Amino acid sequence: MTGLSRQNRPVIETWVTLRDFVVGDCQAVHAFASLSEACRYQAWGPNTEEQTRGFVQGAVDARLQSPRTRFAYAVCLGDDLIGIGEVKVRSWVHLQGEISYLVHPRVWGRGVGTTIGGELLSRGFGQLGLHRIYATCDPRNRGSSRVLGKLGMTYEGRHRHTALLRDGWRDSEVFSILDEEWGPGPS
């Protein structure tokens with residue numbers, strides 16, 4: 001079932017699925033990791049094929065680390081890999097984690113980022129037992145800020161000059177949520 005957003009784009013109401021990466025995902029990931037608009041607000045990219053292979057291989061290899069601190073997922077809509085999502089445990093001692101996500105521009109504005117974020121928070125709090133999860137975004141990335149707000153994350157402030165991008169230093173807006181604030185997910 002789909003509806004229309006303000007931009008007359010269909011809103012995806014079917015939940016996306018998150019699965020572990022396999023080496024064979026390189027081409028599908030590269031389809032968006034190589035696009036300048038997809039990584040505009042990232043400190044990496046646009047990726048070369050070699051860089052994308054390195055990312056996917058790193059995600060596959062992370063499953064073998066002990067203790068594991070990186071949980072990277074391929075995000076699929078049906079059989080179509082349309083994004084990536086990660087939970088990084090920043091401290092097992094203090095039960096702190098960070099989420100991040102990236103989706104193919106062709107699905108922007110359809111609720112996919114919010115769905116991914118909700119699933120990452122569910123895994124971080126439910127499966128990993130984290131107490132606090134945070135996310136950062138470039139202040140110019142209003143779409144990502146909206147997603148983090150929809151997830152119930154609290155805006156904590158801005159850290160200055162946290163990443164060097166192609167167009168200069170980037171500030172980061174910081175959002176967080178605690179386990180007791182997390183409910184069944186975004187509405």
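If you roll a 1.4 Å probe over the heavy atoms of the protein chains, what accessible area per residue do you get for the chain, in Å²?
Values: 10180 Å² over 187 residues.
Value for the chain: 54 Å² per residue.
Applying a 10 Å radius around every beta-carbon, put 136-149, 167-180, 75-88 in order of their mean neighbour count, most first.
By packing density, highest mean first, the sequence is 75-88, 136-149, 167-180.
Can you tell me how segment 101-187 classifies by the Cα gyration tensor, rounded, prolate or oblate, using a/c under 1.5 as the rounded cut? Working shown, then result.
Numbers: a/c = 2.12, a/b = 1.36, b/c = 1.56.
Because a/c hits 1.5 or more and a/b fails to exceed b/c, segment 101-187 counts as oblate.
Test of understanding: what is the full-extension gain from GLU49 to SER34, defined as 0.36 nm times their sequence separation minus their Cα-Cα distance? Working shown, then result.
Numbers: separation 15, 0.36 × 15 = 5.40 nm, distance 0.79 nm.
The span from GLU49 to SER34 would gain 4.6 nm if fully extended.
Size of the chain along its principal axes in angstrom, Cα-based, largest extent first?
Reported extents, whole Å, longest axis first: 41, 37, 36.
Could I have the simple spin-label model distance between GLN65 and VAL93, label points 7 Å from Cα toward Cβ, reported in nm to one decimal?
1.8
Label ARG158 and ARG140 with points 7 Å out from Cα along Cα→Cβ: what is the distance between them in nm?
Each label point is offset 7 Å from its Cα along the Cβ direction, giving 1.3 nm.
All other residues with a Cβ under 13 Å from the Cβ of ALA31 taken together, and with Lys, Arg as +1 and Asp, Glu as -1, what is their net charge? The partial results should precede the final answer.
Values: positive: ARG106; negative: ASP25, GLU37, GLU49, ASP80.
Cβ neighbours under 13 Å give a net charge of -3.
Compute the signed sum of charges (Lys and Arg +1, Asp and Glu -1) over the other residues within less than 13 Å, Cβ to Cβ, of ASP167.
Details: positive: ARG40, ARG140, ARG166, ARG170; negative: ASP138, ASP171.
Taking every Cβ under 13 Å from that of ASP167, the sum is +2.
The values are calculated or read from the model by the stated rules, or taken from the named source; none is laboratory data. The structure displayed is predicted, hence computed values, not measured ones. For neighbour counting, all protein chains shown are included, and Cβ atoms are generated from backbone atoms with ideal geometry for every residue, glycine included. Note: accessible area is taken over every heavy atom of the protein model, side chains too, but ligands, DNA and RNA are not part of it. Shrake-Rupley method; radii C 1.70, N 1.55, O 1.52, S 1.80 Å.
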